[in-house]
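The block underneath contains the structure these notes are about, expressed in structure tokens.
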Amino acid sequence: MDPVDPHSYADSSQPFASHLALSLFFDFPSRTIHGSALLSLPRPHAGPLTLDTRSLSISSAIDPLSSTPLPFSLSPIVDPIKGQSLTITLPDSALASVLLTFTTSPQASAIQWLSPPQTALKTHPYVYTQCQAIHTRSIFPCQDTPAARLQYTALLNLPVELSAVMSAERVGRGRPEPGQARGACLDALWCADTRVVESFNMQWPVPPYLFAFACGAITGRDIGPRSRVYSEGSSVLEEAVCEFAGVEEMVREGERLFGGYEWGRFDLLVLPPSFPYGGMENPMMVFLTPTVIAGDGTGAQVVAHELAHSWTGNLITNTNNDHFWLNEGFTTYAERRIVEAVQGEEIAALSIGIGWRGLLEEVERFKDNMELTKLKTNQEGIDPDEIYSQVPYEKGFQFLWRIERQIGRPAFDEFLKKYIATFKFKSIDSDTFVEFLKANVPGIEKEIDLQLWVEGTGIPSDAMEPVSNLYTKIVSLSKDFVLGKLPTEEDVLDWRGQEWELYLENLPKVLDPSQVLALDERYRLAEHNYWEAKVAFLTLAAASGCRDYYGMMEKTLKEVGRMKYLRPLYTALVQGNSKDEGKILAKRIFAEAKDMYHPIAQGVVESILSRHM
Ligand code: BES
Ligand code: ZN
């Protein structure tokens, strides 16, 4: 046994599947998917082949050439983080492909099923996935590690009134055909008159966590030569078209900075409000929360981030989550370069400043487990959803920014382009990056303590805050608040959401309830249309035990399932100044809102509540 990834059963002494042909039959009434997966190996293999699964029921494993069944077994132990390993025994004569048939569980951790009343239009059901970090295995059996890249084709069989989108090239939509299901028992269901098949192709090798689909009453509108925005319903779509109008300009800036855009299309899908992240960089089709549509173009930052992953993360991927900073740190750096190019230096500086605050707070949060403040981590036995933090993003950003300062922007830009061109479509680890850096920037290790940055805890002393008048002004206004001074109307005249977010994030974590009320009376922050600002305010109110906002908190927690908002709000309620009341409220809200949350978010909130009850 040669593990490659602390979160996977995949064994590096066995070949990694290089192609997957998937057929998925969506059964909305039972909230399950019946599927078949034809996995192709790069070379014939004999003996055990180990795959990851979670809550999957496996019906058969077959040699697709002879149609003979192959012995397989699911491990009796269900690891709470990794799930169950599936071992198929390939004959001594060796095989280069295996066909598996399986059914997902209604509780599959990647999949959220929404009933019609839970959707915007209220007329059709909806289903979508979120696979990062380790949830693909709950949809189909695979070597669920980013070290194992694969190409795939997918046939999605849906009710004829629905349509599907995927993180892949759309090939077409048509009548189901016999044999497509590749599973005898499914053929009859597969070809019913009420069904349609949509087919997709991912021609580039991608890590399994980038697999994604959504299926519902989805429609789209073009917003650029290679971009279309999709959503359910019409009002969201109208707003999204305006909010993301600048998308092509960002793609062009990305190309100028990091090299050609390799994925063909750059489409956007706006999901129902329960989507657990701000954005997810699914290739060719970024998934976005509707909360990024603030109506003033500020949603562009999240789009810039997910777009930036097209180079850093999707082209160059971390081999496993221990090196997650290679994905998110580089992407945060690349995102800010794109933002700087399209929105200017001051806005980019605000974003760096908000990130700096976030980093300081995470280091405080992890003060009893400094291991989690390292860039290169050891996540053996750790659930990546549990330790999700700003550290890989912001410390990673700081590291790259430090290198940029050392060698100058032109040299760093050239280095980045070369890095991307060298490792594209590969999965690499931290050491590979450091070696590449040393080889291409001779002597860099004498100027910057690379080992301290990559393997040390906390924030190195050569990290820094942004230099910007706007940033400095806002931070000093936050300091004035402690002296009893609110910002004046003139101070806040041009403030959009991010300025308020930075201001609020720099206030003390707990205030007197009267101060919270005074701030809101003047500036109506509890109703701000920029969700980060609204949630920062409500978090402050909850932590300060300010009961006046319990109603607003409840409304917010029942409206969205984005974990960036759920985490601080639930935490502030259970830890805040009126803890007992806050705990009771948090528990009740969760009981009532739980069904609306994606399974990953349900797990995260459950863990926050159980830690504090
Ligand atoms: N890839 C992440 C989201 C993610 C990370 C999902 C880890 C699962 C596990 C995505 O690119 C991201 O970072 N989204 C941010 C956007 C922000 C940094 C602009 C988010 O969701 O808030
Ligand atoms: Zn990201």
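Laboratory data are not the source of any read-out in this text; all were calculated from the coordinates shown. In this text the structure is predicted, and so the values were computed from the model without any measurement. Glycine gets a Cβ as well: all are built from the backbone with ideal geometry, and neighbour counts include every protein chain shown.
If you check GLY396 against the conditions, is it surrounded by 16 or more Cβ atoms within 10 Å (Cβ to Cβ) and either on the phi > 0 side of the Ramachandran plot or within 16 Å of ligand 1 (Cβ to nearest atom) (or both)? Against the criterion (surrounded by 16 or more Cβ atoms within 10 Å (Cβ to Cβ) and either on the phi > 0 side of the Ramachandran plot or within 16 Å of ligand 1 (Cβ to nearest atom) (or both)), GLY396 qualifies. Scanning region 300-354 for residues that are within 12 Å of ligand 1 (Cβ to nearest atom), of a type in the set (Val, Ile, Thr) and farther than 23 Å from MET202 by Cα returns VAL302, THR332, ILE338, VAL339, ILE354.
Across region 375-393, the number of residues qualifying as assigned to a helix (DSSP H, G or I) and surrounded by fewer than 22 Cβ atoms within 10 Å (Cβ to Cβ) comes to 0. Cβ-Cβ contacts under 6 Å between residues 6 or more apart (or on different chains), taken from a first residue in region 387-399 that is under 16 Å from GLY278 (Cα atoms) to a second residue that is part of a helix (DSSP H, G or I) and of a type in the set (Val, Ile, Thr), are listed as TYR393/THR332. For region 464-478, the candidate set comprises residues that are surrounded by 12 or more Cβ atoms within 10 Å (Cβ to Cβ) and farther than 17 Å from ALA348 by Cα; within that set, the residue that is nearest to the chain's Cα centre (by Cα) is SER478.
Residue-wise test of (1) touching a residue at least 60 places away in the same chain (Cβ under 8 Å); (2) within 16 Å of ligand 1 (Cβ to nearest atom); (3) surrounded by 22 or more Cβ atoms within 10 Å (Cβ to Cβ).
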| site | (1), (2), (3) |
| --- | --- |
| ASP520 | no, no, no |
| GLU527 | no, no, no |
| VAL535 | no, yes, yes |
| LEU540 | no, no, yes |
| SER544 | no, no, yes |
| ARG547 | no, no, no |
| MET552 | no, no, no |
| LEU557 | no, no, yes |
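Look through region 290-312, keep the residues that are among the polar types (S, T, N, Q) and touching a Ser or Thr at 6+ places or on another chain (Cβ under 9 Å), and return whichever of them is surrounded by the most Cβ atoms within 10 Å (Cβ to Cβ). It would help to see each step written out before you state the result.
Step one: list which residues in region 290-312 are among the polar types (S, T, N, Q), which gives 291, 298, 301, 310, 312.
Those left that are additionally touching a Ser or Thr at 6+ places or on another chain (Cβ under 9 Å): 301, 312.
Working: GLN301: 25, THR312: 27.
Going through the qualifying residues, I end up with THR312.
Taking TYR209 as the residue in question, decide whether it is part of a helix (DSSP H, G or I) and within 16 Å of ligand 2 (Cβ to nearest atom). When the stated conditions are applied, TYR209 passes them.
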